[in-house]
Amino acid sequence: MNGMTQAFISANRAKNHDDVPIGAVIVRDGKIIARGENQVQMRRNPTLHAEIVAINRACKKLGTKFLDDCDIYVTLEPCAMCATAISFARIRTIFFAASDPKGGGITANARVFDSDKHLWKPNTVQMPEFAERSAQMLREFFAARRHD
């Protein structure tokens, strides 16, 4: 299974504990070294987005603060906080499924990497073949919450 498919499995885990279904996996040399899912509601911590959880786990596993030989796969475009954390971790490439016109930090709003002032600017790749799957998962999650 590829990284994005695994990120969707993590997104489902987030949904199962009533968090917004966003998942992330970090890959090095073709192998998943860390997974993350949103844990904001579960742990009552607004910083525990899927990307942050995955970065923390990857750094712990590898015993390093830099992940410059790693890539991250995320089911939704990272927000400004996560895009900046990805930059600080020096992750090589961000692969994301759906863009996020409201909260995205790469193609919308903050556009974190548009500045030349970043110490580390990862490559960014949107994977449009997964965009609708991500958007549908989010629509269903929020529709269900409105009915509760």
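The values are calculated or read from the model by the stated rules, or taken from the named source; none is laboratory data. The structure displayed is predicted, hence computed values, not measured ones. Cβ atoms come from the backbone with ideal geometry, glycine included; neighbour counts cover every protein chain shown. Just so you know, the surface numbers come from the protein's heavy atoms only, side chains and all, with ligands and any DNA or RNA stripped out. Shrake-Rupley method; radii C 1.70, N 1.55, O 1.52, S 1.80 Å.
Brief remarks follow.
- For the peptides 50-56, 91-97, 27-33, residues were scored by their other Cβ atoms within 10 Å and the scores averaged per peptide; the highest-first order is 50-56, 91-97, 27-33.
- Note on Leu48: accessible area is roughly 30 Å² with a 1.4 Å probe, heavy atoms of protein only.
- Helical runs (DSSP H, four residues minimum) scored at -39500 (n - 2.57) apiece and divided by the length of the chain put the mean residue ellipticity at 222 nm at -12000 deg cm²/dmol.
- Segment Glu132-Asn56, extension gain: residue separation times 0.36 nm, minus the distance between their alpha carbons: 24.5 nm
- Fraction of beta bridges assigned by DSSP in the chain that are antiparallel (%, nearest 5): 55
- Measuring max minus min along each principal axis, the C-alpha atoms of the chain give extents of 44, 31, 30 Å (largest first).
- Karplus-derived HN-Hα couplings along the range 126-134 (A = 6.51, B = -1.76, C = 1.60, θ = phi - 60°), whole Hz, x at Gly and Pro: 8, 10, x, 5, 10, 4, 5, 4, 5
- Amide H contacts of Leu76 (H built 1.01 Å from N, under 5 Å, at least 5 apart or other chain): Gly23, Ala97, Ala98
- Normalised contact order of the range 1-82, rounded percent, pairs of Cα under 8 Å and 6 or more residues apart: 30
- Under 9 Å, Cβ to Cβ, from Thr107 - net charge with Lys/Arg +1 and Asp/Glu -1: -1
- Cα long-axis angle, helix 50-62 against the chain (0 to 90 degrees, to the nearest 10): 40
- The relative contact order of the chain comes to 19 percent, based on Cα pairs under 8 Å that sit 6 or more residues apart.
- Surrounding net charge for Gln126, when Lys and Arg each add one and Asp and Glu each subtract one, Cβ distance under 12 Å: -3
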